[in-house]
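Peer 1: Sending over a structure as structure tokens; questions will come in a sec.
The values are calculated or read from the model by the stated rules, or taken from the named source; none is laboratory data. Just so we're clear, the structure is a prediction, and the values are computed from it rather than from any experiment. Please note: Cβ atoms are built from the backbone with ideal geometry, for glycine as well, and neighbour counts cover all protein chains shown. Quick note on the areas: whole protein, heavy atoms, side chains included, nothing else; ligands and nucleic acids left out. Shrake-Rupley method; radii C 1.70, N 1.55, O 1.52, S 1.80 Å.
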Amino acid sequence: QKEVEQNSGPLSVPEGAIASLNCTYSDRGSQSFFWYRQYSGKSPELIMSIYSNGDKEDGRFTAQLNKASQYVSLLIRDSQPSDSATYLCAVRSWNDYKLSFGAGTTVTVRA
Amino acid sequence: DVKVTQSSRYLVKRTGEKVFLECVQDMDHENMFWYRQDPGLGLRLIYFSYDVKMKEKGDIPEGYSVSREKKERFSLILESASTNQTSMYLCASSDRQGMGYFGPGTRLTVT
């Protein structure tokens, strides 16, 4: 069983602060890494993908990948109340069609 | 824009009924998936398909079957609905890199 673990929440941050979300995975053959955002009652929405070591920035979101440490993170800068959601980490191995999902971290941004 | 649509947003069925959930994607993706999501249990994979007429069991296939006769359409069938199948059902499709997109979900209630 390929395991994906996320830091337990909920995570509460003040508006304007940085929210830091962490994810570790067990399969060293993992090649593709994704972050999804899920609002309450809605389906997950893809917000970031990362495939190589280092940082990838998209607007206020930065994904960081360290394959040696089997670690991927998501930073949300200048957090807004609209960022309040559950964030899911997903990992895919090179020889697999499907994603393995973490349990999610719920983020609440306090106005 | 990638679009994954599901036939119903809300569905109420009686115990023992046969239930069909349909999913259509417009991105020519080979891979399609059915998940269910329950509070505290996260996303659980029911079945997936990597090509027309091809299917593989996920983590919780019992009580479900699937059909993929056309590339864009993936159906989930509950042969005889039971109350423990009350859940949010999410369809997804993904490209070759694993980048997955979810439909809006079907909230099924079995009474």
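Residue-by-condition table, conditions (1) surrounded by fewer than 18 Cβ atoms within 10 Å (Cβ to Cβ); (2) more than 14 Å from every other protein chain (Cβ to nearest Cβ); (3) among the hydroxyl-bearing types (Ser, Thr, Tyr):
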position	(1), (2), (3)
A:Val4	no, no, no
A:Ser8	yes, no, yes
A:Ser20	yes, yes, yes
A:Cys23	no, no, no
A:Gly29	yes, no, no
A:Phe34	no, no, no
A:Glu45	yes, no, no
A:Gly59	yes, yes, no
A:Lys67	yes, yes, no
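Peer 1: Residues of segment B:58-96 being touching a Gly at 6+ places or on another chain (Cβ under 9 Å) and surrounded by fewer than 18 Cβ atoms within 10 Å (Cβ to Cβ), which ones?
Peer 2: B:Glu79, B:Ser80, B:Ser82, B:Asn84, B:Met88
Peer 1: So which residues in segment B:21-57 are more than 9 Å from every other protein chain (Cβ to nearest Cβ), crowded, with 16+ Cβ neighbours inside 10 Å, touching a residue at least 60 places away in the same chain (Cβ under 8 Å) and under 17 Å from B:Gly100 (Cα atoms)?
Peer 2: B:Cys23, B:Gln25, B:His29, B:Met32
Peer 1: Got a number for residues in segment A:86-111 being more than 14 Å from chain B (Cβ to nearest Cβ) and assigned to a strand (DSSP E or B)?
Peer 2: Let us first name the residues in segment A:86-111 that are more than 14 Å from chain B (Cβ to nearest Cβ), namely A:107-111.
Narrowing the set further to residues that are assigned to a strand (DSSP E or B) leaves A:107-110.
Looking only at that region, the number is 4.
Peer 1: May I ask you to verify whether A:Gly16 is surrounded by fewer than 18 Cβ atoms within 10 Å (Cβ to Cβ), outside any strand (DSSP E or B) and facing another protein chain (nearest Cβ under 10 Å)?
Peer 2: Working: surrounded by fewer than 18 Cβ atoms within 10 Å (Cβ to Cβ): yes; outside any strand (DSSP E or B): yes; facing another protein chain (nearest Cβ under 10 Å): no.
It is false that A:Gly16 is surrounded by fewer than 18 Cβ atoms within 10 Å (Cβ to Cβ), outside any strand (DSSP E or B) and facing another protein chain (nearest Cβ under 10 Å).
Peer 1: Also, quick follow-up: Suppose we filter segment B:85-100 for residues that are within 8 Å of another protein chain (Cβ to nearest Cβ), at negative phi and modelled with pLDDT under 95; how many remain?
Peer 2: Summing the residues that are within 8 Å of another protein chain (Cβ to nearest Cβ), at negative phi and modelled with pLDDT under 95 in segment B:85-100 gives 4.
Peer 1: Of the residues in segment A:69-80, how many are at negative phi and open to solvent by less than 60 Å² (accessible area, probe 1.4 Å)?
Peer 2: Summing the residues that are at negative phi and open to solvent by less than 60 Å² (accessible area, probe 1.4 Å) in segment A:69-80 gives 7.
Peer 1: Go through segment A:85-98 and count every residue that is open to solvent by less than 20 Å² (accessible area, probe 1.4 Å), among the hydrophobic types (A, V, I, L, M, F, W, C) and at pLDDT below 90.
Peer 2: Number of matching residues: 0.
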